[in-house]
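The values are calculated or read from the model by the stated rules, or taken from the named source; none is laboratory data. Because the structure is predicted, anything quoted here is derived from the model rather than measured. Please note: Cβ atoms are built from the backbone with ideal geometry, for glycine as well, and neighbour counts cover all protein chains shown. Side chains are part of the model used for accessible areas, which takes the heavy atoms of the whole protein and leaves out ligands, DNA and RNA. Shrake-Rupley method; radii C 1.70, N 1.55, O 1.52, S 1.80 Å.
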Amino acid sequence: MTDEDDRVIRELADRQEITDLLTAYCRAVDLYHPDEVAALFTEDCVVDYGETLGGASGAAAVASSLRAGLARYEATSHSLSNVHVVFDGPDRAEGITYVHAWHKMRGGKPDAHLWAQYHDVFVRTPEGWRIAERRLQVLGEHDFPLAWHKVDRAPVES
Amino acid sequence: MTDEDDRVIRELADRQEITDLLTAYCRAVDLYHPDEVAALFTEDCVVDYGETLGGASGAAAVASSLRAGLARYEATSHSLSNVHVVFDGPDRAEGITYVHAWHKMRGGKPDAHLWAQYHDVFVRTPEGWRIAERRLQVLGEHDFPLAWHKVDRAPVES
Amino acid sequence: MTDEDDRVIRELADRQEITDLLTAYCRAVDLYHPDEVAALFTEDCVVDYGETLGGASGAAAVASSLRAGLARYEATSHSLSNVHVVFDGPDRAEGITYVHAWHKMRGGKPDAHLWAQYHDVFVRTPEGWRIAERRLQVLGEHDFPLAWHKVDRAPVES
């Protein structure tokens, strides 16, 4: 086996571990297990979900923020797509992943939908890959008019 | 090549075959080819789509159930995400995969949406990987108020 | 390493490059970067988005068509799922990939949704994998009643 073969195998395996990390987040969020979510982030992580939902530093703060934030909904579904991961080296990667987040509101209000991108930094720790940075950038929403960070869509020339 | 490299390559290839199995189900369902769906299950499979849609044992019964069930809709789209597969050994795996199922109803009724998880068991057969067990667990729905098995979302402490 | 191992590794790596190509299309479309989209197609590509949106031959024509077409929307989100790629040989592959395309309309009209399949041909070029053919086949829509190529869903026997 050449060194290049070896690099390809390692990267495919790491990519799979990062994908598993991304989907574990969704399952934990949608079952309302904020402590499990915290375990997916580094101790010194930084997240930013937009102006209304705010940011947090550190895995414990992320868990606390999600515990309060997710309690507002009767149910949620977070579906990922377009997973794109680029390695900066053997132990660090950056990613952009689409999410469609569906929220069933309490009190009979209409379902809230979000179409967005997670802009992430992943790092390898002794316990495996973890999310070190997460910033939510929003493509659009329906009945979910919070103050989001929007993606930087190029202007249409008229 | 080390034994560990070999194991990684085999598992990545098996994972791809299982992913192809999962997406083949969606294409066959959405083109209304129930016989093709049957070929994706083991002969002695067990499926459970919830109280209203019911369960079935055996690939032929699954095909028969889908033939009747899907005939009710004018069109469907089944989109998978968050594919998560864990191997129990070389020839068996368990999976949780999200599905967003869109249904165009007959007679001008509003579109029915389902956000759910397939909880699956996959087994390797001489013909390749097949679905041995499938249980649908529902995160939420819109205009699709059947009696579903719901996911076990943790209660919100007040 | 056996020849079969080598083939499996190459194919997994190629599959990842094709997946990255597919998701790059979505990011470029949703940020309104038509020139970046053009770079994902072969010079002599052929695309067909249906009767209303029309087709185009050549990467420059695809970019021009997308520049005009996407300008109509205030925002878009293209989410892929069910990626299915089959190799015809070392340098050519065919794919069927689901897309849910959400469009925020100008002027307060209701959001337009499309559930469809991209039927693609991919070829390896000196610069990497590119899309040589793309044909959009539609499973269904909501508030998006253009003249589409529909998928060939089997008739329901009564």
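List of remarks:
- Across the alpha-carbon atoms of chain C, the computed radius of gyration and Dmax are 16.8, 61 angstrom.
- About the centre of its Cα atoms, region A:11-94 shows a dipole size close to 340 debye [charges on the beta carbon of Lys, Arg (+1) and Asp, Glu (-1) only; nearest 20 debye].
- When Rg and Dmax are taken over the Cα atoms of region A:1-78, they come to 16.0, 53 Å.
- Checked against a 30 Å cut-off, the cross-linked pairs A:K109/C:K150; B:K104/C:K104; B:K109/C:K109; A:K109/C:K104 give Cα-Cα distances beyond that limit for A:K109/C:K150.
- DSSP bridge pairs, the protein assembly as shown: antiparallel proportion in percent, nearest 5: 90 percent
- Signed unit charges on C-beta, dipole axis of region A:98-139, positive-most listed residue A:Y98, A:W115, A:G128: A:W115
- Computed from point charges on the beta carbon alone (+1 for Lys and Arg, -1 for Asp and Glu), the dipole magnitude for region C:1-147 about its Cα centre is near 720 Debye.
- Label point 7 Å beyond Cα along the C-beta direction, distances from C:G55 to other copies (nm, shortest first): 5.0, 5.0
- Accessible area (Å², 1.4 Å probe, nearest 10) - B:V123: 40 Å²
- Crossing angle, helix B:59-70 versus chain B [Cα axis fit, 0-90 degrees, rounded to tens]: 30 degrees
- Dipole magnitude of the protein assembly as shown, debye to nearest 20 (Cβ charges: Lys/Arg +1, Asp/Glu -1, about Cα centre): 2200 debye
- In region A:66-115, the residues whose accessible area drops by at least 50 square angstrom when the other protein chains are added to the isolated chain are A:N82, A:H84, A:Y98, A:W102, A:W115; the probe is 1.4 Å and only protein heavy atoms count.
- According to the Cα-based calculation, Rg over Rh for region C:24-117 is 0.98, with Rh computed by the Kirkwood formula.
- Computed over the protein assembly as shown, Cα set: Rg, Dmax in Å: 21.9, 62
- Inter-copy label distances at B:A24, using a point 7 Å along Cα-to-Cβ, come to 3.0, 3.0 nm with the shortest given first.
- Whole-number percent relative contact order across chain C, with pairs defined as alpha carbons under 8 Å at least 6 apart: 20 percent
- Amide H contacts of B:K150 (H built 1.01 Å from N, under 5 Å, at least 5 apart or other chain): B:V138
- Pairs of alpha carbons in region C:47-97 whose separation is greater than 14 Å (percent): 68 percent
- Size descriptor, Kirkwood hydrodynamic radius, that averages inverse alpha-carbon separations across region A:105-158, Å: 13.9 Å
- DSSP beta bridges in region A:35-158 [antiparallel fraction, %, rounded to 5]: 90 percent
- For region B:26-37, putting each phi into the Karplus relation 6.51 cos²θ - 1.76 cosθ + 1.60 with θ = phi - 60° gives couplings of 5, 4, 5, 5, 6, 9, 6, 10, x, 5, 5, 4 Hz, in residue order, rounded to whole numbers and with x for Gly and Pro.
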